[in-house]
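The values are calculated or read from the model by the stated rules, or taken from the named source; none is laboratory data. Being a predicted model, the structure only gives us computed values, none of them experimental. Cβ coordinates were reconstructed from backbone atoms using ideal geometry, including for glycine residues, and neighbour counts include every protein chain displayed.
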Amino acid sequence: MKVLIVEDEHRIANSLKQGLELERCAVDIAYDGTTGFDLASTIEYDAIILDLLLPGINGIEICKQLRAKHIHAPILILTAKGQIQDKVTGLDAGADDYLTKPFSFIELLARIRALTRRPQNALAVTLTVADLSLDPKLFTLTRGKLPIQLSSKEFALLEFLMRNSGKIISKQQIIDHVWDYDADILPNTVEVYIRNLRQKIGPDFIQTVRGFGYKLHV
């Protein structure tokens, strides 16, 4: 799962990033609204955690502008403003959920999972392609009844391919979705991970489409 945190309090943002990375998420941080909007409008995220009171563009305006651009990534507003009218304003602007500071990380994680399970995001609890079965919540992969051990990045890459099975996915799309925005990725990094996956799950699942990228065979 790829998550964007837009939060100007560095301590909160960095703690959230650390916690989400322990849950094997790829996480980007923006410490102001302008940067947050730029990232959210150019990179595909599975979820966005958004503060309301931000330098630059405020959270309400970010919600409105993202929805106007038909960007439907789930948005969880995270703010100290807990009045009912503040919540209504945020939800009316296009947010999907609302969590008031101070908050429990366990609750935030549960809300993010609930948002990304909604049907409009097509995020199934368990993904199945042929005899491969991947459970994003338990971080398990089996082929038939045989468990397969993957690294966190291998798991994220395979999950992305399985969610887009039958589609051609470019290397850049993989990098954008699996790695953080500021990660130092070498040109052949994706090729290395694809090769490792083929060795673990079998050589016939992931097809190379020359000049375009990769496709998970269905």
Does Gly166 satisfy the condition of being exposed (fewer than 15 other Cβ atoms within 10 Å of the Cβ) and touching a residue at least 40 places away in the same chain (Cβ under 8 Å)? yes
Only residues that are in a strand (DSSP E or B) and touching a Gly at 6+ places or on another chain (Cβ under 8 Å): list them for the range 130-162, please. Arg143
Picking from Lys87, Lys2, which residue would you name as being under 22 Å from Phe139 (Cβ atoms), among the charged types (D, E, K, R) and either touching a Lys or Arg at 6+ places or on another chain (Cβ under 6 Å) or surrounded by 16 or more Cβ atoms within 10 Å (Cβ to Cβ) (or both)? Lys2
Contact list, first residue from the range 1-21 and assigned to a loop (DSSP other than H, G, I, E, B), second anywhere and of a type in the set (Ser, Thr, Tyr), beta-carbon distance below 6 Å, six or more apart or interchain, is Asp8/Tyr31
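Let's see how each residue does on (1) within 27 Å of Glu159 (Cα to Cα); (2) buried (at least 18 other Cβ atoms within 10 Å of the Cβ):
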position: Cys25; (1), (2): yes, yes
position: Leu52; (1), (2): no, yes
position: Ile60; (1), (2): no, yes
position: Lys69; (1), (2): yes, no
Within the range 94-108, is there a residue that is of a type in the set (A, V, I, L, M, F, W, C), outside the structural domain of Val178 (by TED's automatic domain parsing) and touching a residue at least 60 places away in the same chain (Cβ under 8 Å)? yes
Just checking, does the range 184-204 include any residue being assigned to a loop (DSSP other than H, G, I, E, B) and closer than 22 Å to Lys17 by Cβ? yes
Any chance Phe160 is modelled with pLDDT of 85 or more and among the aromatic types (Phe, Trp, Tyr): yes
Criterion (within 16 Å of the chain's Cα centre (by Cα), outside the structural domain of Leu157 (by TED's automatic domain parsing) and within 24 Å of Leu138 (Cβ to Cβ)) met by exactly one of Leu39, Leu20: Leu20
Is it the case that Leu78 is surrounded by fewer than 21 Cβ atoms within 10 Å (Cβ to Cβ) and within 19 Å of Ile29 (Cβ to Cβ)? no
Identify, please: which residue in the range 163-182 is part of a helix (DSSP H, G or I) and under 13 Å from Ile194 (Cα atoms) and is, among those, nearest to the chain's Cα centre (by Cα)? Val178
Filter result (closer than 24 Å to Asp46 by Cβ and basic (Lys, Arg)) within the range 166-207: Lys167, Lys171, Lys200
Of the residues Ile57, Ile49, Ile71, which is in a loop (DSSP other than H, G, I, E, B) and closer than 28 Å to Leu127 by Cα? Ile71
